[in-house]
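Please treat every number below as a calculation from the coordinates, not as lab data. Quantities reported herein were computed from a predicted structural model and do not represent experimental measurements. When we count neighbours, we look across all protein chains shown, and the Cβ atoms used for this are built from the backbone with ideal geometry, even at glycine.
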Amino acid sequence: MKVKTKGMWIIVGVVVTLGLLLGSFGCEGAPPATTTATTATTTAPKPITLVVSDGHPIHIPCATVIQDTFIPEATRLAKEAGYDLNFTENYGGSLTKCLETLEGTESGLCDIGFSHYFFEPAKMPLHNISYYTPFDCTDPRIIARAVQNMCEEFPWIEEYPEENYNQKVLAQGFLSNYGMYTNFPVKTPEDLKGHKIAGAGPNLEWLEALGSTPVQITIMEAYTDLQTGVYDGLLLLADMGVSFKLYEVAPYWTSCDLGAQWGGMLSINLDTWNDLPKEVQDALVKAGELYNVEQPKRCYELGLEALDLLQEEANVYELTATDKARWANSLDEIPNRHAEEANALGMPGTELYQAYYENIENEGFSFLRQWEID
């Protein structure tokens, strides 16, 4: 019995020793499981850097809200999900000019870009609905709510850039109420006759039947163009003109209530999007939702502040209700014409124009002119 007991203890000792050796070195020399787990939890995620571009300078709301709202929110949410998300920011045409950002985002020159619909009437014809509806609602917050409702009802709106221009929409962008800066007094629409008046593109149709000469421009050259007489005035937002101090070279401001606008989109290159982790995609989508709320709100507030400043810095006029009605009624059926053009391209033109008007009117706004949509 004693011999047997001794032998059993010898066997037990050998087994324990082998177990310790295996625990130390793992199978076939692999590191122990506890070491692998520790390494996985302490490895920091690889940083992700996205290039952002907007042709407008940073003091314009579409760019401002990218910098002070969208980027911080996306960074915060990505960090909560365990990702180090960074952005390289380019504004004021330093990477893509206003007329280049749609193509720049499509090609991947920038990962995220703000593209302005009014500079792309040929490529984004149906996204210029508000521009083709003169004397629209003057509050960009209402326009924004109407557009968001439409995006839910008509997924086509945000699918179109994805299918045609290789980019996914993260947010929509808006502009405050349009009026006019000029180097001569404009007290009635008839005062524009014989003058060169500039605009961004689609809004040049607002000048039809007034006897003025339309000139297409970009805002970055507006100060010099007005100073050197390239044109005599331009259709513009009060706050955008103030940010460029246009009242110094065009000291007359006329409030026309031509309308706030659905002006563009914040989008991400589709190849970049597909390469991102799901958690980072979610962070960008949620940041875009915040942009959708904050950006039109900022436009509205800046528009009011600009009007106050112009009372001190410029000669301010306001068209009467009769003047505005006469101007609106002098135009042809601009919305219906563009709806039919969109229909001919296989787009839901009539449906979207009708939905736009219904959504705006549901917010309590009455159009100055009842445009006919067949």
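Out of the range 195-304, which trypsin sites (Lys or Arg not before Pro) are coil in DSSP terms and have no more than 14 other C-beta atoms within 10 Å? Mind showing how you got there, number by number?
Numbers: sites: Lys196, Lys245, Lys278, Lys286, Lys297, Arg298; in loops: Lys245.
Passing both the DSSP loop test and the Cβ count: Lys245.
What whole-number value in cubic angstrom gives the convex hull volume per residue for the C-alpha atoms of the range 161-242?
Values: hull volume 10.3 nm³, N = 82.
Per residue, the Cα convex hull of the range 161-242 comes to 125 Å³.
Once whole DSSP H runs in the chain are found, which of them have Cα atoms spread over 15 Å or more along the helix axis and a mean Kyte-Doolittle score of at least 0.5? List each step's numbers first, then the result.
Details: long enough: 2-25 (35 Å, 1.40); 140-153 (19 Å, -0.24); 278-313 (51 Å, -0.54); 334-344 (16 Å, -1.22); 349-362 (20 Å, -1.14).
Membrane-span-like by this criterion, though nothing is claimed about a membrane: 2-25.
Cα gyration tensor of the chain, axes a ≥ b ≥ c as square roots of the eigenvalues: rounded (a/c below 1.5), prolate (a/b > b/c) or oblate?
Values: a/c = 3.58, a/b = 2.76, b/c = 1.30.
Prolate.
Applying 1/(1 + (r/R0)^6) with R0 = 35 Å to the Cβ-Cβ distance of Glu162 and Lys187, what FRET efficiency is obtained, to the nearest 0.05?
Numbers: r = 47 Å, r/R0 = 1.33.
Efficiency for this residue pair is about 0.15.
For Lys245 and Glu80, FRET efficiency with R0 = 35 Å and r from the beta-carbon atoms, rounded to 0.05?
Numbers: r = 41 Å, r/R0 = 1.18.
For R0 = 35 Å, the calculated efficiency reads 0.25.
Cα gyration tensor of the range 254-374, axes a ≥ b ≥ c as square roots of the eigenvalues: rounded (a/c below 1.5), prolate (a/b > b/c) or oblate?
The shape class here is oblate.
Assuming R0 = 30 Å, can you tell me the calculated FRET efficiency for the pair Glu153 and Asp374, based on Cβ-Cβ distance, to the nearest 0.05? Show your work: numbers first, answer last.
Numbers: r = 20 Å, r/R0 = 0.68.
Between Glu153 and Asp374 the formula returns 0.90.
Give me the distance between the Cα centres of the range 114-132 and the range 133-178, rounded to whole Å.
10
Would you be so kind as to identify which of Trp327, Gly349, Ile60 lies farthest towards the positive end of the dipole of the chain, taking Lys and Arg as +1 and Asp and Glu as -1 on Cβ and the Cα centre as origin?
Value computed over the given set: Ile60.
Let a ≥ b ≥ c be the square roots of the eigenvalues of the Cα gyration tensor of the range 103-162; is it rounded (a/c under 1.5), or, if not, prolate (a/b larger than b/c) or oblate? Kindly include the intermediate steps, with their values, before the conclusion.
Values: a/c = 1.97, a/b = 1.58, b/c = 1.25.
Note, shape of the range 103-162 comes out prolate.
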